[in-house]
Amino acid sequence: MNERDIVEAAHAYYVLDETMEGIAHRLGVSRSTVSRLLKEARRQGVVQITVDTEPRSTTTIQHHLDRFGVTGHIVDLRSSATPLSRLDAVARSAGNLVTSLMHDGAGLGFAWGTTISAVVDKLPAKPLRGATVVQLNGAASAATSGIAYAGDILTRAARAYDAHPQHFPVPAFFDYAETREALWREKSVRRVHEMHRGLDVAVFSTGSFTSELPSHVYSSQYLSRDDVAELLRADVVGDVCTVFLREDGSYADIAINDRASGPTPADLQRLPRRICVVTGVAKVPAALGALRSGAVTDLVLDDLTAAALVRRLERPARVNR
């Protein structure tokens, strides 16, 4: 066991992030030998390991989130983690948080989309009595009823808690605001809205035009070219529950929102816990819009997205009216 091998193994493992198997193959030794080399590197002080019990990313982002009254749940990962592995880890953290808040008789609302589908996959099972899982926004479009997609998410979520699923079979976006207003007067729809108002927990993500993992509402024919052009002209950065937002948190004067089926940030503010799950730097402007709109009580995100959000928070906000 010579000094050169000790340093080379330590550099490869701790700096280059190589596996023990890869180092062993390159040095022509066994994996157990590599393990001994790394142990010796630590003993000699070639490698010095310190553990920060409260990671910098967590303390920094929480300092900023405090002014919104939001609790951050940061998932620290290796910098080499892929977008899919980041989504998987963030979804697992969000799933654990959701289940920790569930109890007998609880009402849980889910939006739908790529991120929320991943969260539902990670919900720890917790059989409950009298719990209900409610769809927050419609999913139908000109190309699909949305029942298969949103319905599957809702059914899987309900199964985790032995809960009753309540679907919301309306369009994600109506063609006319007048049609929405007429349908909102129907007793069957009013009943779902009553359930929305009584929820204990709501779970949603932020949509984005440019996400690494495409947001479902932007990639599945829910919006026409004219809709997208209109949103971009209005400085929209994304959506929460199919209600579009600007980065400054404003949304009330965005015309397409008069045709949207989801709860507004003002509606969400009435609920005790509102969990927003975000991964991907491209979603940061929309996440900031959601924070500024007051829609969020808990923000679950990975460390890279958290760092990007901190940088964005430290920039002056653009105000559009």
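The values are calculated or read from the model by the stated rules, or taken from the named source; none is laboratory data. This is a predicted model, so every value here is computed, not measured. No Cβ is skipped: glycine too gets one built from the backbone with ideal geometry, and neighbour counts run over all protein chains shown.
Miscellaneous remarks
- On the stretch given as the stretch 9-31, residues that are outside any helix (DSSP H, G or I), modelled with pLDDT of 85 or more and of a type in the set (A, V, I, L, M) total 1.
- Qualifying residue in the stretch 228-236 (condition: of a type in the set (G, A, S), buried (at least 20 other Cβ atoms within 10 Å of the Cβ) and more than 18 Å from A91 (Cβ to Cβ)): no
- Residues in the stretch 102-123 that are in a loop (DSSP other than H, G, I, E, B), over 15 Å from P263 (Cα atoms) and under 17 Å from the mean Cα position of the chain (by Cα): G113, K122, L123.
- Residues of the stretch 260-301 satisfying the condition of being charged (D, E, K, R) and modelled with pLDDT of 95 or more: D267, R270, R273, R274, R292, D298
- Matching residues, the stretch 65-85, being outside any loop (DSSP other than H, G, I, E, B) and under 18 Å from I275 (Cβ atoms): L65, D66, F68, T71, G72, H73, I74, V75
- Count of the stretch 119-132 residues which are touching a strand residue (DSSP E or B) at 6+ places or on another chain (Cβ under 9 Å) and surrounded by fewer than 23 Cβ atoms within 10 Å (Cβ to Cβ): 3
- The lone exception for R274 - which of (1) over 20 Å from L97 (Cα atoms); (2) buried (at least 16 other Cβ atoms within 10 Å of the Cβ); (3) among the basic types (K, R) it fails: (1)
- Hey, G130 on the phi > 0 side of the Ramachandran plot, assigned by TED's automatic domain parsing to the domain that holds D302 and either part of a loop (DSSP other than H, G, I, E, B) or in contact (Cβ under 8 Å) with a residue 60 or more places away in the chain (or both) or not: yes
- Helices (runs of 4 or more DSSP H) (entirely within the stretch 134-242) containing at least 2 residues that are within 24 Å of the chain's Cα centre (by Cα), modelled with pLDDT of 90 or more and among the small types (G, A, S): 147-161
- Considering V98, V34, V46, the condition of being of a type in the set (A, V, I, L, M, F, W, C), modelled with pLDDT of 90 or more and on the phi < 0 side of the Ramachandran plot is satisfied by V98 alone.
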